[in-house]
1. Summarise the long-distance tail of P(r) for the chain by giving the % of C-alpha pairs beyond 20 Å.
2. So how far apart, in nm, are the two label points at Ile99 and Leu42 if each is 7 Å from Cα heading toward Cβ?
3. How high is the relative contact order of the chain, given as a whole-number percent (alpha carbon pairs under 8 Å, six or more residues apart)?
4. Calculated FRET efficiency, Thr62 and Phe114, Cβ-Cβ r, R0 22 Å, to nearest 0.05?
5. Full-extension gain between Leu106 and Leu6, please, as 0.36 nm times their residue separation minus the C-alpha to C-alpha distance.
6. Classify the stretch 20-81: rounded, prolate or oblate, from the alpha-carbon gyration tensor (a ≥ b ≥ c, eigenvalue square roots; a/c under 1.5 rounded; otherwise prolate if a/b is larger than b/c)?
7. Helix-derived [θ] at 222 nm for the chain: sum -39500 (n - 2.57) over DSSP H runs of at least 4, divide by residue count, nearest 500?
Amino acid sequence: MIGFSLAILAGILISLQSVFNTKVNENIGQWLTTTCVLGIGLISSVLFYIITEKSISVNFYTTNYLFYVSGLFGIGLIICIMGAIKSLGPAYTVLISLITQLVVALCIDTFGLFGMESIP
């Protein structure tokens, strides 16, 4: 039940963030919007980490370095969503994004891509 609730919350947050980012983009441009959004996310993440973790012990060496480029996906995601909302509006953007996300997630699950366990 927790997973289901978190997934619903994620959907709400993605929709709200996408609209908010688009409104900020209208005033300061896509690159500065992306910088602000990711910068605020970085600061917030570090603060939450410090507050919730008893100690700071980070081991970057146990993860494949390729997976750290996922931060670049965030840049692409923000820019693509802002452009799509500007052209299509929030509803169509979220609909198309969710369908695409579902197809890609099914492929990852089915074929066990990126080291994920295969779930046929």
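No value in this document is a laboratory result; all are computed from the given coordinates. Being a predicted model, the structure only gives us computed values, none of them experimental. Every residue, glycine among them, receives a Cβ derived from its backbone with ideal geometry; neighbour counts consider all protein chains shown.
1. Values: 4219 of 7140 pairs.
When every Cα pair of the chain is considered, 59 percent fall beyond 20 Å.
2. Here the answer is 3.6 nm between the modelled labels.
3. Values: 53 pairs, mean separation 33.0, N = 120.
Relative contact order, the chain: 27 percent.
4. Working: r = 16 Å, r/R0 = 0.72.
The formula returns an efficiency of 0.90 here.
5. Values: separation 100, 0.36 × 100 = 36.00 nm, distance 1.92 nm.
Between Leu106 and Leu6, full extension yields 34.1 nm more.
6. Values: a/c = 3.99, a/b = 1.64, b/c = 2.43.
Oblate.
7. Values: 4 runs with 91 residues, N = 120.
That comes out to -26500 deg cm²/dmol.
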